[in-house]
2 protein chains.
Amino acid sequence: MVLLFSVLTIVLEDMIMNAEVLAVGTELLMGQIANTNAQYISKRLPDVGVGVYYHSVVGDNPKRLKESLTLALKRSDAVIMTGGLGPTQDDLTKETVSELLDKRLVLHEESLKKIENFFKGVHRTMTDNNVKQAYLPEGCIVMKNNNGTAPGCIIEKDGKTVIMLPGPPSEMRPMFEENVIPYFEAKSSYKLVSRFIRVFGIGESAMETEILDLIQGQANPTIAPYAKEGEVTLRVTAKCVRDEDAQQLLDPVIEEIKKRLGNTVYSTEDKNMHQAVGELLISRGISLALAESCTGGLIASRLTEIPGISRVFNRGIVCYSNQSKIENLGVNIKTLEKHGAVSRETAVEMAQGILKTSKTDLGLSVTGIAGPEGGTAEKPVGLVYVALAHSGGVECKEFRLWGSRERIRNVTVLNALDIIRRHVLEQK
Amino acid sequence: MVLLFSVLTIVLEDMIMNAEVLAVGTELLMGQIANTNAQYISKRLPDVGVGVYYHSVVGDNPKRLKESLTLALKRSDAVIMTGGLGPTQDDLTKETVSELLDKRLVLHEESLKKIENFFKGVHRTMTDNNVKQAYLPEGCIVMKNNNGTAPGCIIEKDGKTVIMLPGPPSEMRPMFEENVIPYFEAKSSYKLVSRFIRVFGIGESAMETEILDLIQGQANPTIAPYAKEGEVTLRVTAKCVRDEDAQQLLDPVIEEIKKRLGNTVYSTEDKNMHQAVGELLISRGISLALAESCTGGLIASRLTEIPGISRVFNRGIVCYSNQSKIENLGVNIKTLEKHGAVSRETAVEMAQGILKTSKTDLGLSVTGIAGPEGGTAEKPVGLVYVALAHSGGVECKEFRLWGSRERIRNVTVLNALDIIRRHVLEQK
């Protein structure tokens, strides 16, 4: 059985188109930004039958760009390039690709008009160097940019495909979805379909022990765990032909994992914790108000990323001063004096206060020491209290976290949201 | 003059060691994570005279890993590898490198003891596959892992250096700082020093027009612009010998750029907008309170990333409901009925309300339509009002932004913080 599946896997791997993501930009090599474009593209391509085998990054240097593209064209069926389409002197992706593929750059009138209109729309003067962006390799498929000035393009030559996308993610992503996804969809007869199971409240090795036999017996789908900042993601990937229902392969495996890991599984659709909790609240019509001290509005800002959250999210108080805890939440000054701002007692009064004033179903509070300053022997950096108030009473949990200010704040957010999630699920 | 500088640049470029960051891990090629390790390493290496010319990512596949490493050794002096040092079957970086460099893997007793102690410390049973992590290539420099089980190592062969680091950033970063930085520091006699000028309130091409002669006349230092989400970063890089004061090369160029771009320059030390504004408020002792509607706590969460901000940041109200705008900020119900929650009038009352209740020096409010829902012909998605109240009165600015919910929120945050920054700077 396993052998049969392995053979199938190898056959499919050979028949799936393979791509390389080649990013151009010295800002990546200088560490100014992370290559999140490669991440985004890599996550999407398997959905349309394209496997990603390599990422590469090269600077704004024609010689090295040419060498990298030559190599990519040798080892990959498709090369997806990002960056270097801007108006400035060091943006040279189009020029270099055209030279290598022996294509002339010609003015694309429609793109020029679009660029001119873009500048009119934002009431800015178009400078001469923006005209350069309307020149595209002859015979290419032009991809419109509805979020900026640089158009993208697709070039086919000798059975290979080169795709050029702009660098800014806000321009790259919509262009990719509107053009590149349909392009490969029309070409491919195989696909890789992944589901991501997200788990919180169990360590990586403890989790692996629970499902080790499933991981080891894997063939199609395959299962791979990945751990970061207090949570674990399991990737379950099925390889199949285009019209086959991948979910039929995935569902039984995912069900088995869910059975083993219980309610530590918070999403089987690769939603992050705030999406999962936000959508849970919206779907159940459970309203929420927040009182955040050490997380400083981080929980509110994450929840409000979700469209439609205003239906259940009433308000948040970032009570960074004692004055605010007293005035906005009705915390007793004596509680603050006796137990301090970072204490179980204060957390409880904060949660009760926000519940009472906002009249929501749930009131959640967070108070803690995120560091690096402010810790004492008795109350060290990383000490955090999270309290949840509701009509049935109030519960408070103490955490002792480690790491940087950033890590402590992030892990606090995850724990706070998980408390809401478990409470709502227990209500049925 | 320009010619002379160019020659110097070429000479220095040749004498500076160049490195490639080669990451190993299918989780990167599947887009589960972004390659933040490459970003971290790339940001640090120039400080010790190592330039980064390439990033590559390859999966947990011995054949492709071998090919990528062969290429990297051909084109780079040093190859810095991350990932694939774990205990599981698909972790094969050490095995592949050793085979390629013709080194035996030998048991490193000290590492084995460290791994055994690590498991004792966390009260977990050590499994057999963890012993594999204590095998290292013969003759290598061992790098201890104080934050996990996998030791790293440095191998020198035929004038090239191969460095293997663990994948998890919390293990990679300290190991890199404690071992790799001193290793290159001892070797190099040249260095690249960069300063980053951050600019807001001017488009990329308009900015380039202002400083085009500087960019074109560049040699040492070089100047390169990079644009993202409404702001532009200029990288100014000097190449010099180890003991030379790079700032003497950088300072005059940075001064000239500042003179040309005026107060659109908000940092010459690569601080992002919230850092720059937060530190400005702390240094001047100017207190702030926030009333955020469409940004949902994003401004508060960014400002509270900064240690010590509690000295000036009093509170934030995430007034996601009209009820909260009335109760927490004292907005008049008639204003909301007549002009709506997204209006100049409401923004002004929100700012005045938060200023009055928190008794801070500044009260900033934000209200807008972040989308994708909620827009009308009269009030489209992207319409945002930002008001700033202070003892001298209140000012309100209207914005018409475009893009996704995420982009509109992020650009709103930048604009709101920039309003605070300009106000404070004008006060002298």
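The values are calculated or read from the model by the stated rules, or taken from the named source; none is laboratory data. As the structure is a computational prediction, the values presented were derived from the model and not from experiment. Methodologically, a virtual Cβ is constructed for each residue, glycine included, from the backbone with ideal geometry; neighbour enumeration extends over all protein chains shown.
Observations on the structure shown:
- Checked against the criterion of being in a loop (DSSP other than H, G, I, E, B) and either in contact (Cβ under 8 Å) with a residue 24 or more places away in the chain or surrounded by fewer than 21 Cβ atoms within 10 Å (Cβ to Cβ) (or both), the range B:402-417 has at least one qualifying residue.
- Reported count of residues in the range A:53-81, each being more than 12 Å from A:THR96 (Cα to Cα), free of Cβ contacts under 8 Å to residues at least 60 places away in the same chain and of a type in the set (Asp, Glu), is 0.
- Being within 33 Å of the chain's Cα centre (by Cα) and not in a helix (DSSP H, G or I) holds for only one residue in A:LYS379, A:LYS397, and it is A:LYS397.
- Residue match in the range B:146-157 (condition: closer than 30 Å to A:SER170 by Cβ and of a type outside the set (Lys, Arg)): no
- A:GLY353 being surrounded by fewer than 24 Cβ atoms within 10 Å (Cβ to Cβ), more than 10 Å from every other protein chain (Cβ to nearest Cβ), small (Gly, Ala, Ser) and in contact (Cβ under 8 Å) with a residue 24 or more places away in the chain: no
- Among (1) free of Cβ contacts under 8 Å to residues at least 24 places away in the same chain; (2) of a type in the set (Gly, Ala, Ser); (3) surrounded by 19 or more Cβ atoms within 10 Å (Cβ to Cβ) - the single one A:GLY121 does not satisfy: (3)
- Lone qualifier among A:LEU8, A:LEU71 - being surrounded by fewer than 23 Cβ atoms within 10 Å (Cβ to Cβ) and either in contact with a Leu (Cβ under 8 Å, 6 or more places away or on another chain) or at pLDDT 95 or above (or both): A:LEU71
- Just one of the listed residues (A:ILE181, A:ILE211) is under 30 Å from B:GLY148 (Cα atoms), in contact with an Asp or Glu (Cβ under 9 Å, 6 or more places away or on another chain) and more than 11 Å from every other protein chain (Cβ to nearest Cβ), and it is A:ILE211.
- Some residue of the range B:287-310 being more than 10 Å from every other protein chain (Cβ to nearest Cβ), over 25 Å from the mean Cα position of the chain (by Cα) and in a helix (DSSP H, G or I): no
- Residue match in the range B:413-425 (condition: farther than 22 Å from B:LYS228 by Cα and over 33 Å from the mean Cα position of the chain (by Cα)): no
- Qualifying positions in the range B:54-92 - outside any helix (DSSP H, G or I) and among the β-branched types (Val, Ile, Thr): B:VAL57, B:VAL58, B:VAL79, B:ILE80, B:THR82, B:THR88
- Residue selected from the range B:214-230 under the condition in contact (Cβ under 8 Å) with a residue 40 or more places away in the chain and away from every other protein chain (no Cβ under 11 Å), by the criterion surrounded by the fewest Cβ atoms within 10 Å (Cβ to Cβ): B:GLY217
- Hits in the range B:227-253 - residues which are in a helix (DSSP H, G or I) and either in contact with a strand residue (DSSP E or B) (Cβ under 6 Å, 6 or more places away or on another chain) or at positive phi (or both): B:ALA246, B:LEU249, B:LEU250, B:VAL253
- All positions within the range B:22-45 that are surrounded by 24 or more Cβ atoms within 10 Å (Cβ to Cβ), at the interface with chain A (Cβ under 7 Å from one of its Cβ atoms) and outside any helix (DSSP H, G or I): B:ASN35
- Leading residue by the ranking (surrounded by the fewest Cβ atoms within 10 Å (Cβ to Cβ)) among those in the range A:335-350 that are out of contact with any His (no Cβ under 7 Å at 6 or more places or on another chain) and farther than 18 Å from A:GLY374 by Cα: A:THR335
- Looking across the range A:92-111 at every residue that is over 20 Å from A:LEU69 (Cβ atoms) and in contact with a strand residue (DSSP E or B) (Cβ under 9 Å, 6 or more places away or on another chain), the one that is farthest from the other protein chains (Cβ to nearest Cβ) is identified as A:VAL106.
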